[in-house]
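Notes for the one structure printed next.
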Amino acid sequence: MDIHLVYEFLDVELTLSKKLLKKMLESHETPFVSELIQFFLGSKNKMLRPALLFLSFRASGGSDKDLSIEHDLIKAAVAMELMHRASLLHDDVLDQSEYRHERLSFHKKWSPEIAITFGNFIYAQAFRMIATVRDIEILKAFTKATDYLCEGELRQVCQRKNLDFSREEYETIIQRKTASLFSTSCFIGAKAAGSTSDLSKKFYDFGKSLGIGFQMIDDMRDFVSPVDDSSSSKGKKGELGKNPGQDLFSGDVTLPLIHLLNVTENKKEILELFKKNQDGASFLALREMFLKSEALEMTRNDINIYVKRAKSFLDNMPSSESVLVLEKFVNFLIKRLDR
């Protein structure tokens with residue numbers, strides 16, 4: 001399914017969200033801050049988390065009638081989007097990423113100091129927005145997701161360049177750092193539609209499984225996306241919107257490398273290549289080893305476990321147009337595995 005069809009289905013909700021986001025940020029009139037805000041607003045962001053929130057709302061029986069920029073649903077979606085995008089500003093500094101969504105990252109266009117400070121500013125806007133939501137359960141869910149997100153990032157940074165990194169710790173980190181925003185978006189959508197606590201919890205678990213699978217796919221694509229054969233290159237950013245191999249260059253040990261280390265007889269060679277992780281040729285060598293090993297299929301199998309869990313939940317939902325669109329949206333996210 002073309003992602004644009006999902007956005008057409010959610011046209012009312014997404015239009016209101018973009019309007020509120022723009023209105024809120026453009027209320028700041030300091031010249032340099034305004035320049036940063038305009039660059040921020042110009043990002044080609046897919047708004048996946050707000051889309052999940054709205055689809056969960058619709059699938060739970062919610063309607064786009066009577067919605068306005070003052071509705072808690074719209075405010076929560078904007079807060080969630082701001083939280084996610086603030087984390088990306090900080091991520092790019094930590095990872096030394098040159099590109100984000102096929103253009104220069106903030107810290108490359110300006111400086112790490114400005115990127116970090118502006119990221120803090122965007123975090124503040126997220127909390128400023130969520131503070132206007134009246135439902136205390138939505139407020140609690142949002143603050144818990146923020147806690148998980150920050151903990152996940154901290155744990156990941158502490159484990160960099162640790163090749164004894166366990167599969168269990170890897171999953172804990174992606175549950176915290178990525179899946180928490182997916183699961184909370186789904187929970188908030190269901191809750192805003194008036195769902196029972198039990199159904200809202202099921203939507204939370206659905207989002208958690210989808211978020212873990214999504215991050216595993218992202219980590220695998222970082223390992224296997226087409227790259228430039230030049231030893232001086234880290235890869236072509238066009239395929240991912242960033243440089244392939246960025247995880248390795250940052251020292252992050254992800255699922256493909258964990259499996260490769262577990263199945264290889266050449267662990268010493270992998271260790272040496274990993275230590276040379278600023279060398280494009282080293283990444284190409286590790287990529288080739290991964291593609292020719294059992295680790296590729298093992299990674300795919302792990303992804304499919306979480307994908308099946310997410311799909312199983314939807315299979316048990318009463319059939320409706322909204323559930324069908326949510327299913328197709330999930331399939332769109334999963335198809336990234338085959339690119």
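Residues that are surrounded by fewer than 18 Cβ atoms within 10 Å (Cβ to Cβ) and modelled with pLDDT of 95 or more: which helices (runs of 4 or more DSSP H) entirely in the range 137-230 hold 1 or more of them?
167-174, 197-224
When the range 280-303 is examined, which residues are found to be out of contact with any helix residue (DSSP H, G or I) (no Cβ under 8 Å at 6 or more places or on another chain) and touching a residue at least 24 places away in the same chain (Cβ under 8 Å)?
Of everything in the range 280-303, those that are out of contact with any helix residue (DSSP H, G or I) (no Cβ under 8 Å at 6 or more places or on another chain) and touching a residue at least 24 places away in the same chain (Cβ under 8 Å) turn out to be Gly280, Ala281, Leu284.
Exactly one condition in (1) at pLDDT 95 or above; (2) farther than 20 Å from Phe142 by Cα; (3) under 19 Å from the mean Cα position of the chain (by Cα) is false for Ser56; which is it?
(2)
In the range 247-301, which residue that is hydrophobic (A, V, I, L, M, F, W, C) and within 21 Å of the chain's Cα centre (by Cα) is nearest to Ile217 (Cα to Cα)?
Per the stated criteria, the residue is Leu255.
Name every residue in the range 89-112 that is in a loop (DSSP other than H, G, I, E, B), within 18 Å of the chain's Cα centre (by Cα) and free of Cβ contacts under 8 Å to residues at least 40 places away in the same chain, in order of residue number.
Across the range 89-112, the qualifying residue is only Ser105.
Only one of (1) in a helix (DSSP H, G or I); (2) under 23 Å from the mean Cα position of the chain (by Cα) is not met by Glu35, so which one is it?
(2)
Please specify each residue of the range 37-64 satisfying the condition of being of a type in the set (Gly, Ala, Ser) and either within 23 Å of Ser27 (Cβ to Cβ) or touching a residue at least 60 places away in the same chain (Cβ under 8 Å) (or both).
Of everything in the range 37-64, those that are of a type in the set (Gly, Ala, Ser) and either within 23 Å of Ser27 (Cβ to Cβ) or touching a residue at least 60 places away in the same chain (Cβ under 8 Å) (or both) turn out to be Gly42, Ser43, Ala51, Ser56, Ala59, Ser60, Gly61, Gly62.
Right, Asp252: outside any helix (DSSP H, G or I), of a type in the set (Asp, Glu) and closer than 24 Å to Gly213 by Cβ or not?
Yes; evaluated as a whole, the condition is true for this residue.
Any residue that is closer than 20 Å to Ala179 by Cα, of a type in the set (Val, Ile, Thr), in contact with a Pro (Cβ under 8 Å, 6 or more places away or on another chain) and surrounded by 14 or more Cβ atoms within 10 Å (Cβ to Cβ) - is there at least one of those in the range 121-131?
Within the range 121-131, none of the residues are closer than 20 Å to Ala179 by Cα, of a type in the set (Val, Ile, Thr), in contact with a Pro (Cβ under 8 Å, 6 or more places away or on another chain) and surrounded by 14 or more Cβ atoms within 10 Å (Cβ to Cβ).
So Trp110 fits all but one of (1) at pLDDT 95 or above; (2) in contact with a helix residue (DSSP H, G or I) (Cβ under 7 Å, 6 or more places away or on another chain); what number is the exception?
Against the list (1) at pLDDT 95 or above; (2) in contact with a helix residue (DSSP H, G or I) (Cβ under 7 Å, 6 or more places away or on another chain), Trp110 comes up short only on (2).
Is there any pair linking a residue in the range 139-153 that is aromatic (Phe, Trp, Tyr) to one that is modelled with pLDDT of 95 or more and in a helix (DSSP H, G or I), with Cβ under 6 Å and at least six apart or on different chains, and which?
Phe142/Ile130; Tyr148/Arg176; Tyr148/Ser180
What's the number of the condition Arg100 fails, among (1) within 22 Å of Val133 (Cβ to Cβ); (2) crowded, with 20+ Cβ neighbours inside 10 Å; (3) not hydrophobic (A, V, I, L, M, F, W, C)?
(1)
The values are calculated or read from the model by the stated rules, or taken from the named source; none is laboratory data. Every value quoted in this text rests on a predicted model; they were computed, and no experiment measured them. Positions of Cβ are generated from backbone atoms using ideal geometry, with glycine treated the same way; all protein chains shown enter the neighbour counts.
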